[in-house]
There are 2 protein chains.
Amino acid sequence: MVKRLGESIPAALPDALRNHGLLVNTTTGLYGWGAELEAVYDGLKNALSAAVRDAEPTVLNFPPLLPRTVFEKSEYVSSFPHLFGAIHAFHGDEGAHENLERAVAKGEDWSGQTRLTDFVLAPAACYAVYPLYSRIVADGSKAVDVSGFCFRHEPSTEPGRLVSFRQREFVKIGSPADASTWFNEWSERSSALIRQLGLDVRVEAASDPFFGTSGQFLAENQREQGMKLEIVVPIGDHPVAVASSNYHRDHFGRIFDIQSAEGEPAHSACVAFGLERLAFALVAAHGPNTAHWPDGVRELLWSGCPETPGRGDPGPS
Amino acid sequence: MVKRLGESIPAALPDALRNHGLLVNTTTGLYGWGAELEAVYDGLKNALSAAVRDAEPTVLNFPPLLPRTVFEKSEYVSSFPHLFGAIHAFHGDEGAHENLERAVAKGEDWSGQTRLTDFVLAPAACYAVYPLYSRIVADGSKAVDVSGFCFRHEPSTEPGRLVSFRQREFVKIGSPADASTWFNEWSERSSALIRQLGLDVRVEAASDPFFGTSGQFLAENQREQGMKLEIVVPIGDHPVAVASSNYHRDHFGRIFDIQSAEGEPAHSACVAFGLERLAFALVAAHGPNTAHWPDGVRELLWSGCPETPGRGDPGPS
C-alpha cells in the first residue's frame, strides 16, 4: 500500500485530509494528492469558469515556469526576494560531472556546481500575462482568466501554506476606473461565490509580505490605501486566506509598457484564488467524502458537463 | 489584443498551432495556451483514465517539484546531469539584498546570490511514486496512475521539445514477471490508443539521453536489451515520441528499497505519455478547430461527463 498521510503530513491539517488518503507525503509544504482531491480541483475550475464567463475573458494557462527576463523586469526581486525560486542547471563537462556526483554522494552543498538558467518559478499566475500586452495601446479594457502553478519559498506546516500551488486569477487591464471597478466588483463576487461553497467567509484589509524594513512601510501604505483585500475562511481551526483582490495601480502598466486608451500607463487589478486552500477548506468543512457534500455545493462544482470544446470558443484573441 | 503566436513561436510548429492562438509566447521551449488546447488536455486526461481503469491503479498527482533528497537518491544526476533543474532561493539579509538587486538591475549573472533549496523540478512524474513504497514488502504487485509537470533543461525550437511539460504515467511495481508483462502489454495498448486518436503510429526501439561517453554504452545496452520503446507520431513534418514504455529492472526497487513478495528488490516498468506532444500531434493531424475533429476522436476525448466524484472511488490506498 502507499504510505498514507498521517506519517508526516503536518498535524495542523484537519483529520479529514490527514486520515483519508487525500494527501500523500513528499516533504514539508509539498504534497501529492489522490483522485478525490483532483476531482475537487476540477470542480473548482468549473465553478470559477462559470463565475467569470459574463466578463468574456481571454482564457490563458501557463506552465509553472516564467522566463527569467520577465521576472527580472517585474521588480519582484525588490519586494519579495525571500520568496522566489530560480532554476539552476548543470552546464559542465565530464570532469565537472565527476565533481557534481561526488558532492551529491557525500551530501555536500552542490550549489556551486550549477548556474542560473533562463527560467524562474512563476511567483504568481498573472506575471506571464502583462508582457503579452507590452507596447500595445489597449483598445478598451482587457479581462484575462489565467491559471498556473506558482512557487513561494516558505516551507511550512501551516495548513495551506504550500511551496507549490495552483493559482487562478481574473485580471483586468485598462483605465484607473476599469481597474478599481474590477477590484471592487470581484471583492464582492468572489466572497459571495466562496460563501455559496458553504464556507464561513471573512473579508479583511491585507498587505503583501514585503521584505525588510522598507517593506514594512510599503505594507502599511498598501493596507491604508485599501489596495489588497483577503477572503479568509477556516481550514479546521486555522483562518486562511483562500483568495485576494489586488489593485496594482500603474505598477505593471509602467513596468511592462502597457498603455491605456488615454496614452497613460494602464492600471491593473486582479482577484486570485488559491485552489489548494479552497479545496482544503471544503474538505475541512464538509468532510473527506465528496458524495456527502451539500447538494448546492456539489451542484456548483460538478453540475453538467464541462463545455464541449470547439463550439464557438474563440481562444485567445 | 494578446500578441498571437506567429511572432516568436518556432517556425517548426505546424501552422495549426502557430496561427490560431492555441499557443502564446513566453520564451523558447515555454509557451502558454488557451481554452481550446486546455480542453484537449482535459480530453486526453479522460481518455487515459478510461484506458487504465481496468488495472484499478492507485491514482496520484504531484506538484511540479520533487524533494531534493529523493532526487539525490534517484541517481538522476549520474545519468542525466544536463537535464535537471534545481531550485535556488535567496537567504540573505538587507545588505545581501542590495547586492542582489544591483546585480539584477545591471544585467549581471546573479547565480552566486542564491543557494540550493530542498527542492528540484520533477524530471519525471514517477520519481515521486517510488519513495512512497520504500521499506514496504509489496503484497502482490502495484499499479499507479501518476500525473505531474516535469522539467528538462533542453530549450529548443523542435516541435514538442518543451522545458516544462505534463506527463501521465502508468507504473507497475512488483516481480520481474509483473514488470515485464506491464511493459509488453502497455507498449501494445498505448500504441492502439494513440492510433484510435487518428494518429499515424510507429513503434521504435529507443534509449534515454544518457550523459557523456559512458552514457553511450548505457544507451546501447538499453536499446539492445529492448528496455525502452517509443511511440512516434508526426507533428507536421517532424516525427516526435509522444509516449514511451520503459522497463527499469530493479533500478528503482534497489535505490528506494522496495521489496517484491519474494524478498528481492522489486522490478518496475512504466508507460509515459507526453500530453503536450499528443495535443500538438492531434492539432497537426486534425486541424485547429476541435469541433471538426473526427467523431471517433471526439468521442474518445470528450464522451460523457467525467465521473462524478465520491461515488465509490477509494482514493489512494
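The values are calculated or read from the model by the stated rules, or taken from the named source; none is laboratory data. None of these values were measured; they are calculated from a predicted model. All Cβ positions, glycine included, derive from the backbone under ideal geometry; neighbour counts span all protein chains shown. These accessible areas exclude ligands, DNA and RNA; they are computed on the full protein's heavy atoms, side chains included. Shrake-Rupley method; radii C 1.70, N 1.55, O 1.52, S 1.80 Å.
Brief remarks on what is shown
- Selection status of B:SER111, within 18 Å of A:VAL77 (Cβ to Cβ), hydroxyl-bearing (Ser, Thr, Tyr) and surrounded by fewer than 22 Cβ atoms within 10 Å (Cβ to Cβ): yes
- Given (1) within 21 Å of A:PRO155 (Cβ to Cβ); (2) assigned to a loop (DSSP other than H, G, I, E, B); (3) more than 9 Å from chain A (Cβ to nearest Cβ), number of the condition B:GLU108 does not satisfy: (1)
- Filter pass, B:GLY95 being farther than 30 Å from A:GLY174 by Cα, open to solvent by less than 50 Å² (accessible area, probe 1.4 Å) and either without any contact (Cβ under 8 Å) to a residue 60 or more places away in the chain or more than 7 Å from chain A (Cβ to nearest Cβ) (or both): yes
- Scope region B:194-207; condition open to solvent by less than 20 Å² (accessible area, probe 1.4 Å) and more than 30 Å from A:HIS97 (Cβ to Cβ); matching residues: B:ILE194, B:LEU197, B:LEU199
- Any chance A:SER111 is free of Cβ contacts under 8 Å to residues at least 24 places away in the same chain, small (Gly, Ala, Ser) and touching a strand residue (DSSP E or B) at 6+ places or on another chain (Cβ under 7 Å): yes
- In the condition set (1) crowded, with 23+ Cβ neighbours inside 10 Å; (2) at pLDDT 95 or above, A:PRO123 is compliant with all but (1).
- Strands (runs of 3 or more DSSP E) contained entirely in region B:120-216, each with at least 3 residues that are away from chain A (no Cβ under 14 Å), β-branched (Val, Ile, Thr) and within 30 Å of B:ALA89 (Cα to Cα): none
- Each residue in region B:274-294 was checked for being within 8 Å of another protein chain (Cβ to nearest Cβ), buried (at least 19 other Cβ atoms within 10 Å of the Cβ) and outside any loop (DSSP other than H, G, I, E, B), and 1 of them qualify.
- Of residues in region B:208-243 being out of contact with any helix residue (DSSP H, G or I) (no Cβ under 9 Å at 6 or more places or on another chain) and within 17 Å of B:PHE273 (Cα to Cα), the one least open to solvent (accessible area, probe 1.4 Å): B:VAL232
- Within region B:24-62, if we keep just the residues that are more than 9 Å from chain A (Cβ to nearest Cβ) and of a type in the set (A, V, I, L, M), the residue that is farthest from A:LYS45 (Cα to Cα) turns out to be B:ALA55.
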